[in-house]
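Here is the structure we will look at.
The values are calculated or read from the model by the stated rules, or taken from the named source; none is laboratory data. Note that the structure is predicted; figures quoted are calculated from it, not measured. Every residue, glycine as well, gets a Cβ built from its backbone with ideal geometry; the counts of neighbours run over all protein chains shown.
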Amino acid sequence: MNKPKLVLVGNGMAGVRTLEELLKLAPDLYDITVFGSEPHPNYNRILLSPVLAGEQTIEQIILNPLDWYADNGITLHTGKTVVEIDRIKRVVRTDEGLESPYDRLLLGTGSLPFILPVPGKELDGVIAYRDIKDTETMIETAKTHRHAVVIGGGLLGLEAANGLMLRGMDVTVVHIMPWLMERQLDDVAGKLLQKSLEDRGLKFLIGAQTQALLGNESGRVRAVRFKDGSEIPADLVVMAAGIRPNTALAEKAGIHCNRGIVVSDTLQTITDPRIYAVGE
């Protein structure tokens, strides 16, 4: 008998962990296919900061190497982005036109970094901090450039700033709120944290509002301009201003979303019982 087909869209931590648990419970139940937009097997995104800081390597944060997929009979498509779910024909399609049929579909599409809607956001040297590619860009830039600006004084922004500082860059953290990590700390603790980080070499602009990113003739970022008209040099700008659930694929397929994909207690989407969602 042909096994029912399970397709996972998103090769991240939550989706692949779901597969691990499913394989423990019923190892031969499904014919499984996984689509991941990154050219990597499943890795621990939380440990990108130690990689940036030079404490770990990319290889050390891989959770499920390519052999794991093969050993479990899973078809893995890396570097393939699913752009359409055909709920009538029950197939998913990638940006390259590859189709894969499903009987059950699991969406693990995660989140996207929020990019400030300011002029110059498309300049070379302006990145988010979300994946291996971003981390590698920061590591390479630190070898040849000096001035880095991190926009966002939350945990992720501070980790990015610390890693870039350890790699020899002159780093300024720009934070629009009155103190650092305002969601986790009160003002006293936030200011104590700032003082501690300043003693280690980081600079801070608290309450500063980014107005524009300025570029040079070659199209690379060169400075950050603020609403008060002041500017600071920047060879690299890292946006760490939060994330938004990546619901575009589900919304395009008519699946009910409300900030994120809405699911039942069994992780089934409200709209289509054949489609499930997990993770951020």
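Before moving on, here are some points about what is shown:
- Filtered by the rule that a residue be in a helix (DSSP H, G or I) and more than 22 Å from Leu158 (Cβ to Cβ), the stretch 42-59 gives a lone residue, Glu59.
- Residues in the stretch 225-274 that are of a type in the set (Lys, Arg) and either exposed (fewer than 13 other Cβ atoms within 10 Å of the Cβ) or over 16 Å from the mean Cα position of the chain (by Cα) (or both) were compared, and the one that is nearest to Tyr102 (Cα to Cα) is Arg274.
- Residues located in the stretch 231-280, provided they are among the β-branched types (Val, Ile, Thr), modelled with pLDDT of 95 or more and closer than 30 Å to Lys203 by Cβ: Ile232, Val237, Val238
- Residues of the stretch 46-67 satisfying the condition of being surrounded by fewer than 18 Cβ atoms within 10 Å (Cβ to Cβ) and either of a type in the set (Ser, Thr, Tyr) or closer than 21 Å to Leu22 by Cβ (or both): Thr57, Ile62, Leu63, Pro65, Leu66, Asp67
- In the stretch 166-189, the residues that are surrounded by fewer than 20 Cβ atoms within 10 Å (Cβ to Cβ) and either touching an Asp or Glu at 6+ places or on another chain (Cβ under 7 Å) or part of a helix (DSSP H, G or I) (or both): Leu166, Pro178, Asp187, Val188, Ala189
- Total residues in the stretch 155-180, condition more than 17 Å from Thr137 (Cα to Cα) and in contact with a helix residue (DSSP H, G or I) (Cβ under 6 Å, 6 or more places away or on another chain): 3
- Those strands (runs of 3 or more DSSP E) lying entirely in the stretch 86-152 with at least 3 residues within 30 Å of Ser264 (Cα to Cα) and of a type in the set (Val, Ile, Thr): 91-94
- Residues of the stretch 10-30 include none that is touching a Ser or Thr at 6+ places or on another chain (Cβ under 6 Å), part of a strand (DSSP E or B) and buried (at least 21 other Cβ atoms within 10 Å of the Cβ).
- Some residue of the stretch 70-92 being farther than 22 Å from Thr247 by Cβ, buried (at least 18 other Cβ atoms within 10 Å of the Cβ), modelled with pLDDT of 95 or more and not charged (D, E, K, R): yes
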